[in-house]
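Bear in mind these aren't lab numbers, they're just calculated from the coordinates by the rules spelled out. This is a predicted model, so every value here is computed, not measured. Here Cβ is always computed from backbone atoms with ideal geometry, including for glycine, and neighbour counts include all displayed protein chains.
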Amino acid sequence: MIEKPITDYDEEVRNCSCSYCGNNCDDITYLLKDKKIVGVRHACRIGASKIINDQDQRLLNPLVRNDEGILEETTWDVALDKTARLLYESDRPVLYGWGETSVEAIKKGIKIAEKTGAVMDNQSTICHGSSIQAFQNVGHPVMTLGEVKNRADVVVYVGTNPMDDHPRHLSRYTTFPEGFFRKNGRKDRTVITLDPKYTNTAKVSDEWIQFNMNEDYLLFDALRMLLKGESLDEEEIAGVPTSQLENLIQIMKNAEYGALFFGLGVSQTLGKQKNVDMLIQLVEDLNRYSKWSMLPMRGFFNVSGFNIALTSETGYPYGVDFSRGYPRFMVGETTTIDLLNRREPDFFMAISADPGVQFPGYTIKHLINIPTIQIDTHWGPYTELADIVLPSTRVGVETEGTAYRMDSIPLFMKKVIDKPENCHSDEWILTQLYERIEILKQEEDN
Amino acid sequence: MKVMVNTGTSVIQAFYEKKGSTLKDEYRQSAAVAFMDLKDMQKLSLKSRDKIKIKSEWGEVVLYVDISYDAPHEGMVFIPRGPWANIIISPETYCCNVPTYKGIPAEIFKTDEDVLLVSQLMNKVYNKYNLDDDKLTDKPVYKKRMI
């Protein structure tokens with residue numbers, strides 16, 4: 001069925017920034033009628049769904065669990081006081097999430113973490129944390145997406161499927177657009193996808209290289225050997241014929257400007273940060289022959305912003321532990337999943353994130369035993385486990401804020417429509433919590 | 001049948017997740033699905049939308065089956081990210097903070113059991129508040145405040 005274009009609107013708001021993925025497309029037009037969004041132009045399917053949104057599960061009032069285990073509506077004062085007290089009295093609190101909120105709210109969060117000796121962590125801990133470790137180990141040949149659009153003639157996607165999770169990545173930045181040096185757009189570029197599956201991205205690529213799962217490290221190492229002129233004795237590496245690899249390395253070597261994007265297929269399989277280490281070194285080696293750079297495909301629209309904000313405030317990118325009064329970062333020790341797996345935290349707050357969707361079941365099982373708080377816009381799987389729910393607003397739609405694109409470019413996100421009456425922005429909620437914690441501290445000091 | 005489980009984002013699952021309709025059947029239909037290679041499905045005489053139980057070291061869950069549009073990938077099953085996939089994936093971080101979401105060995109069996117909605121699944125698997133399963137539906141369950 002072909003849907004007709006929306007004509008029944010009375011206002012157009014241009015140049016809005018999308019609040020779904022790390023592409024942060026800032027060319028979105030919202031169509032408004034009676035101050036409500038009725039349509040979205042330019043956004044992808046997922047971005048549009050996030051902006052228009054299902055209202056049946058929208059959280060509209062603060063909720064607290066009663067004795068029967070049912071959530072009950074309450075006032076902001078009651079919910080905030082309860083949250084502040086639980087947080088203040090806990091020994092090992094974890095503040096997790098932040099990927100879908102503004103840098104302004106994150107800054108308030110850092111202040112709370114410092115005050116309460118909490119662990120401050122975001123979605124990097126379950127997706128590209130290992131990539132960040134690899135950047136610290138080996139380095140990061142960075143680029144901006146604008147460079148790719150204007151210069152790249154070879155684009156390689158490794159272990160990522162942007163057609164599904166960053167739908168406009170190819171059409172807006174890398175493959176299809178006409179660039180300054182790539183006048184013919186798609187025709188001027190070679191796109192290669194390395195993935196165990198024949199993904200939607202592989203389907204639009206010039207070449208798909210299928211390799212075995214969990215053999216990423218082996219594959220990248222073999223590519224480095226070929227690049228250095230060594231020959232391989234094996235006929236097949238990680239399920240890929242050696243001749244195909246030789247061909248790939250020739251294309252990469254002869255590129256005028258190469259851009260490599262890698263996703264969770266590399267950072268979440270066995271090997272983790274070592275896979276990314278090897279991939280970075282491959283890009284480093286390629287720079288002896290041509291210009292190559294790389295980017296991780298960051299998921300949420302401000303997951304990169306959290307890493308930048310936290311690094312500038314504390315010196316560490318994620319998983320920062322304030323329990324000793326000063327920031328400490330230790331991979332595998334102060335990171336959320338490891339803490340929960342060790343059953344350590346006694347308080348868990350998720351801010352604009354849904355651990356019910358994101359965490360392994362074994363990890364979630366610890367949330368049964370401890371107080372759990374949710375600050376979010378919609379009822380989700382995590383709400384089923386939350387003791388207190390604080391309804392917030394959507395950044396880029398109902399609240400303004402700053403977010404960082406996957407290539408670390410900060411973008412301002414507009415407020416377009418009014419928030420639901422009894423919801424408040426993450427920044428407001430966190431400021432209120434901070435003030436209440438201050439009062440509790442003063443009371444104790446006296 | 002022994003398989004390797006791969007999880008990740010699918011555009012349809014992400015669509016319903018971001019739309020915020022996670023309690024509804026539309027989300028279950030998009031995320032509680034194991035996408036299999038047709039050859040693997042034939043081995044277990046499975047048809048599209050049949051149900052399977054998938055069992056790993058970490059847990060078991062009932063899912064729908066569908067033909068993968070990313071085939072060929074014999075021996076590998078793709079499950080979109082979500083509360084169902086979470087139950088069977090490995091929490092092991094190998095001290096690198098990222099759990100192992102991809103490449104988990106598992107076993108699948110044909111079954112007649114029901115695929116649960118999010119609220120029922122969370123109650124059954126984690127049972128934090130010991131709620132009555134019959135009351136949990138595709139709508140949020142909460143008490144309104146009397147003013």
Out of everything in the stretch B:75-86 that is within 7 Å of chain A (Cβ to nearest Cβ) and crowded, with 24+ Cβ neighbours inside 10 Å, what residue ends up being farthest from the chain's Cα centre (by Cα)?
B:Phe78
Could you list, in sequence order, the residues of the stretch A:66-76 that are touching a residue at least 24 places away in the same chain (Cβ under 8 Å) and more than 7 Å from chain B (Cβ to nearest Cβ)?
A:Trp76
Among the charged types (D, E, K, R), without any contact (Cβ under 8 Å) to a residue 40 or more places away in the chain and within 26 Å of A:Cys127 (Cβ to Cβ): does that describe B:Glu74?
no
Filter the stretch A:77-110 down to residues that are within 21 Å of A:Arg436 (Cβ to Cβ) and small (Gly, Ala, Ser) and give me whichever is farthest from the other protein chains (Cβ to nearest Cβ).
A:Ala84
Do you know which residues across the stretch A:394-423 are more than 14 Å from A:Thr377 (Cβ to Cβ) and β-branched (Val, Ile, Thr)?
A:Thr402, A:Ile409, A:Val416
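Condition check ((1) over 21 Å from A:Lys108 (Cβ atoms); (2) in contact with a Gly (Cβ under 6 Å, 6 or more places away or on another chain); (3) not polar (S, T, N, Q)) across all residues:
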residue	(1), (2), (3)
A:Ser304	no, no, no
A:Asn307	no, no, no
A:Ser312	no, no, no
A:Tyr316	no, no, yes
A:Tyr326	no, no, yes
A:Met330	yes, no, yes
A:Leu339	yes, no, yes
Is it true that B:Val33 is more than 9 Å from chain A (Cβ to nearest Cβ) and either of a type in the set (Asp, Glu) or farther than 28 Å from B:Asp138 by Cα (or both)?
no
Go through the stretch B:119-134 residue by residue and tally those that are facing chain A (nearest Cβ under 9 Å) and in a helix (DSSP H, G or I).
5
Across the stretch A:259-309, the tally of residues that are charged (D, E, K, R) and buried (at least 24 other Cβ atoms within 10 Å of the Cβ) stands at 2
Answer from B:Tyr94, B:Tyr69 - the residue that is over 19 Å from B:Lys55 (Cα atoms), touching a strand residue (DSSP E or B) at 6+ places or on another chain (Cβ under 8 Å) and more than 7 Å from chain A (Cβ to nearest Cβ)
B:Tyr69
Would you call B:Leu116 in contact (Cβ under 8 Å) with a residue 12 or more places away in the chain, part of a helix (DSSP H, G or I), more than 7 Å from chain A (Cβ to nearest Cβ) and surrounded by 13 or more Cβ atoms within 10 Å (Cβ to Cβ)?
no
Kindly indicate the residue of the stretch B:134-147 that is surrounded by fewer than 12 Cβ atoms within 10 Å (Cβ to Cβ) and of a type outside the set (Lys, Arg) and also farthest from the chain's Cα centre (by Cα) among those meeting that condition.
B:Ile147
Of (1) surrounded by 24 or more Cβ atoms within 10 Å (Cβ to Cβ); (2) out of contact with any Ser or Thr (no Cβ under 6 Å at 6 or more places or on another chain); (3) over 28 Å from B:Ser10 (Cα atoms), A:Phe348 fails just (2)
